[in-house]
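Below is one structure; the comments refer to it alone.
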Amino acid sequence: MGRMIRIAGLLLLSWTIGTPARAELPAAAALLADLGLSAGEIAQVQEGQIVARRVAATHERDLATSFAFFAPVTPAILVKDLQQGLLLKVDSNTIAGGTISAAGTIDDFKGLVLSPGGAVRARRYTGTVDPSLNLSTEERSAFGRLPVTAPVAEVESHVRQALLARYQAYHAKGLAGIAPFARGAATRSAADDLRVSLESLKNLQKHAPNAYAAMLGYPKAQPAGSVSTFKWVHLMAHGAPTIVLVHGLVVPDGEAFLVMQRQYYVSEGFNGEQAVAGILPAQGGSIVIYANHTSTDQVAGFGGGAKRSIGSKLMASELEGIFAKLQKSAH
């Protein structure tokens with residue numbers, strides 16, 4: 001409670017009399033209203049709270065959540081914290097991970113092995129390939145040619161090659177380079193879900209139009225000062241070891257920044273995930289508005305509404321911890 005009072009007092013000073021503010025910057029309350037926050041939500045932000053917001057799902061597979069808060073520091077300072085790993089840090093459930101070079105080489109994935117559970121996991125990629133694995137029709141066919149007796153090391157080599165191909169296609173073409181997953185006789189396009197979730201952030205387009213266009217059009221026309229990072233991460237997700245390809249992107253737009261973390265390939269469990277933070281200059285500091293969209297088949301169909309509500313609350317509790325650390329660093 002004492003910490004909240006101190007934060008609220010600092011915010012009150014910065015919003016009213018304190019932190020130097022250029023006249024051309026919007027008032028924080030006006031900017032929050034323009035971003036779609038209600039009067040009640042704006043009041044909560046003014047009190048120094050991180051406000052969790054209900055947002056509409058962009059499609060039937062979408063788990064969505066959003067946060068907003070004010071920080072009495074410039075966007076550049078907040079982005080520096082993000083780039084140092086405060087938001088884009090390695091997940092505590094990580095088993096292994098590595099950076100992918102711009103060109104992408106098989107050596108970038110040398111640390112990836114199918115452990116824990118190597119033998120069992122390797123078998124899922126051979127013979128009659130496990131349908132729960134996220135693989136394209138071509139990938140599924142290629143893995144299916146491996147005999148069920150294939151050594152674990154051989155299967156791991158094929159997994160690394162498939163991940164490298166996935167990265168290179170995405171690096172060259174962006175969302176258009178993401179091959180859809182085979183779902184029996186149908187397919188599931190993670191690219192479509194990621195694109196729709198990004199297109200839903202129209203309020204950010206108004207305040208950072210060049211950065212928004214750069215994110216939507218990646219890899220085309222990236223503004224000067226943009227920074228991309230690419231990683232593979234092997235982690236425990238929902239109790240199962242999962243392989244993820246991650247793109248981190250920071251794009252400046254005047255004094256504003258858009259920051260994206262996109263999981264453009266996930267080996268199983270869900271289809272993809274995209275988190276975007278708009279860090280916008282306001283009188284006295286910065287407004288941060290954050291939206292996270294996860295595409296998962298687990299919320300589609302009968303009972304999806306209830307599952308979506310539960311899933312969003314679970315994600316909100318995790319994201320609140322991340323943003324509490326970010327806000328704490330600003331005070």
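Overview of results
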{"quantity": "Residues whose placed amide H lies under 5 Å from that of Tyr265, excluding near-sequence neighbours", "calculated": "Leu245"}
{"quantity": "Quotient of C-alpha Rg and 2.2 N^0.38 Å, computed over the range 167-275", "calculated": "1.11"}
{"quantity": "Theoretical FRET efficiency, 1/(1+(r/R0)^6), r = Cβ-Cβ of Ala224 and Ile77, R0 22 Å, to 0.05", "calculated": "0.65"}
{"quantity": "More than 21 Å apart - percent of Cα-Cα pairs taken over the range 106-183", "calculated": "27 percent"}
{"quantity": "Karplus-derived HN-Hα couplings along the range 60-76 (A = 6.51, B = -1.76, C = 1.60, θ = phi - 60°), whole Hz, x at Gly and Pro", "calculated": "5, 9, 8, 9, 10, 8, 8, 10, 9, 7, 10, 10, x, 9, 6, x, 4"}
{"quantity": "Net charge of neighbours whose Cβ lies under 11 Å from the Cβ of Val129, counting Lys and Arg as +1 and Asp and Glu as -1", "calculated": "+2"}
{"quantity": "Taking the range 101-222 and dividing mean pair separation by its residue count, relative contact order in percent (alpha carbons under 8 Å, at least six apart)", "calculated": "22 percent"}
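Read-outs: derived from the displayed coordinates by stated rules, not from any lab. Computed from a prediction, not measured in an experiment: that's the story for all the values here. Cβ: placed from backbone, ideal geometry, glycine included. Neighbour counts: every protein chain shown.
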